[in-house]
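Each reported figure results from applying straightforward, stated rules to the coordinates on display, with no laboratory input. The structure presented is a predicted model; accordingly, all values stated were derived computationally and were not measured. Positions of Cβ are generated from backbone atoms using ideal geometry, with glycine treated the same way; all protein chains shown enter the neighbour counts.
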Amino acid sequence: MSVPPAPPLALLAELTHRCPLQCPYCSNPLELDRANAEMDTAAWQNVLDQAAAMGILQVHFSGGEPMARGDLADLVRHAARAGLYSNLITSAVLLDERRAAALAEAGLDHVQISFQGTEAGPADVVAGYSGAHEKKLRAARLTRDAGLPLTVNAVMHRGNLDRIEATIAMAADLGAARLEVAHVQYYGWGLKNRAALIPTRAQLEHTTAAVMAARERLKGVMVIDYVVPDYYAARPKACMGGWGRQFVNITPSGRVLPCHAAETIPGLAFESVRDRPLAAIWADSPAFRRFRGTDWMPEPCRSCDRREVDWGGCRCQAFALAGDAAATDPACALSPKHGDVLALAERESAVMAPPAFVYRRMEKIPVLEPGKK
Ligand code: SF4
Ligand code: FES
């Protein structure tokens, strides 16, 4: 009999796919869950109780835009009572004084705000939302005023990498305890827009130097996490800390995924918390078992001394680039496909006039008032 897996560290609760923004690198699937398919308050509260009982420590309330849910403060309060550390991952355009105070009072532990740039004009073009940047700046200050720790999540790509120094200065000025300099990842919407987003190697080198210098300068003031674009890396990241090892993701309608992009991989069936307990899905759902551990690995991963460091990289990226989710991640220099990936990155990033963005759009984005779902 196989040993049951340890519980995940964290639950990513995608409360809704509704979002006022339309970012062309959105991590949500191309096929978005409609508002009427979302789980209601009681169903999410039940999920939070199950997560705490499993030994999960953290819940990240995410979306879409989780603040589009009128019951967010109720869910935060429920998480706090269940003993879960709660983080709100938000675009912050709906975060005003009233809601910041309500979330702090409900026991929210942390806020992470994504920024599309440092200047309103270009940042709002990326967000597809006029006025977004000013609202984000204001919301970041409200977050700090409410006594909540702040992480600035700066999503970087060819259009804003040349503003890396200004990005670091903006985060420090906002009083962020942490800055994530996160290059766009190319799955779903990001993959659709790759040719418009992929940076040049020279941009990457400049960014790396700026981040290293800022880490020294801001030691003890602000932590800077740095996610490099996989296509230029020599070894892949340990995506999700390994498939089915540390994180579990639940979609607005209740499907349980090993990562936010897992539904891009064909042939995997994802169970729902509406049908089966979360702990049972985590332990033995075929979709979780498929790439858990090292038994599934092909060569060169199988005999590589990094196999329990990066867990073979990213399954979604392997499918996107190699057409096979069970292949070594082509971002790895040991993959036979790595040369093709580098050539592709260099070819697409060299195009002087990148294509226009394909925005992530829902036909209608209802933002519900408190008291409703
Ligand atoms: Fe990681 Fe596989 Fe590359 Fe080794 S061969 S570094 S395990 S992706
Ligand atoms: Fe799915 Fe990396 S995004 S495994």
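Where in the chain are the helices, taken as whole DSSP H runs, whose Cα atoms extend 15 angstrom or more along the long axis and whose Kyte-Doolittle mean reaches at least -0.5?
Correct list, ordered by number: 41-54, 338-350.
Stretching Gln246 away from Asn46 to a fully extended chain increases their span by 69.9 nm, per 0.36 nm per residue minus the current alpha-carbon distance.
Note down the Stokes-Einstein diffusion coefficient of the range 293-354 in µm²/s, whole number, using a Kirkwood radius over alpha carbon pairs, 25 °C, and 0.890 mPa s.
200 µm²/s
Taking each DSSP H run with n ≥ 4 as -39500 (n - 2.57) and averaging over every residue of the chain yields -9500 deg cm²/dmol at 222 nm.
Between Ala283 and Arg307, what FRET efficiency follows from the Cβ-Cβ distance if R0 is 22 Å, with the result rounded to 0.05?
0.45
If the elastic network links every pair of Cα atoms under 10 Å, which of Val111, Val223, Val184 fluctuates the most in the Gaussian network model of the chain? Highest fluctuation among the options: Val223.
FRET efficiency for the pair Arg201 and Ala177, taken as 1/(1 + (r/R0)^6) with r the Cβ-Cβ distance and R0 = 22 Å, rounds to 0.10. Classify the range 121-252 as rounded, prolate or oblate from the Cα gyration tensor: take a ≥ b ≥ c as the square roots of its eigenvalues, call it rounded if a/c is under 1.5, otherwise prolate when a/b beats b/c and oblate if not. Here the range 121-252 falls in the rounded category.
Okay, which of the range 133-154 sit inside 14 Å, backbone N to the point 7 Å along the Cα-Cβ direction of Val227? Only 152-154 fall inside the zone, counting backbone N under 14 Å.
For Leu342 and Arg138, FRET efficiency with R0 = 41 Å and r from the beta-carbon atoms, rounded to 0.05?
Plugging the Cβ-Cβ distance into 1/(1 + (r/R0)^6) gives 0.50.
Per residue, the convex hull around the alpha carbon atoms of the chain comes to 137 Å³.
Amide H neighbours of Met156 under 5 Å, at least 5 residues apart or on other chains, H built in the peptide plane: list them. Result for Met156 returns Ala182, His183, Val184.
What is the local net charge at Thr118, summed over the other residues whose Cβ is closer than 13 Å to its Cβ (Lys, Arg +1; Asp, Glu -1)? Please report the intermediate quantities before stating the final value.
Numbers: positive: Lys136, Arg163; negative: Glu119, Asp124, Glu134, Asp162, Glu165, Asp173.
Result for the neighbourhood of Thr118: -4.
Just the Cα atoms of the range 186-270, one point each, no solvent: what log10 I(q)/I(0) does Debye give at q = 0.15, 0.16, 0.21 Å⁻¹? Ignoring solvent entirely, the Cα scatterers give -0.81, -0.88, -1.12. For a straight C-alpha distance cut-off of 20 angstrom, the aspartates and glutamates reachable from Lys337 (same-chain residues fewer than eight places away being disregarded) are Asp230, Glu299, Asp305, Asp310, Asp324, Asp329, Glu346, Glu348. GNM remark for the chain: springs join alpha carbons under 10 Å apart, and the peak mean-square fluctuation among Gly313, Gly83, Gly254 falls on Gly83. Between the C-alpha center of the range 238-285 and that of the range 41-88 there is a gap of 17 Å.
Could you give the C-alpha radius of gyration of the range 8-118 expressed as a fraction of 2.2 N^0.38 Å, taking N as the number of residues it contains?
Values: Rg = 13.6 Å, N = 111, 2.2 N^0.38 = 13.2 Å.
Cα Rg divided by the expected 2.2 N^0.38 Å: 1.03.
Modelled this way, with points 7 Å down the Cα-to-C-beta line, the labels at Ala6 and Arg98 are 4.4 nm from one another. Extension gain, Ala353 to Val125, is 80.5 nm, computed as 0.36 nm per intervening residue step minus the present C-alpha separation. Using the Cβ of Pro199 as centre and a radius below 14 Å, the other residues enclosed give a net charge of 0, where K and R count +1 and D and E count -1. Under a Gaussian network description of the chain, with springs only between Cα atoms under 10 Å, the residue in Ala37, Ala196, Ala132 that fluctuates furthest is Ala37. The relative contact order of the chain, computed from alpha carbon pairs under 8 Å that lie at least 6 residues apart in sequence, is 21 percent.
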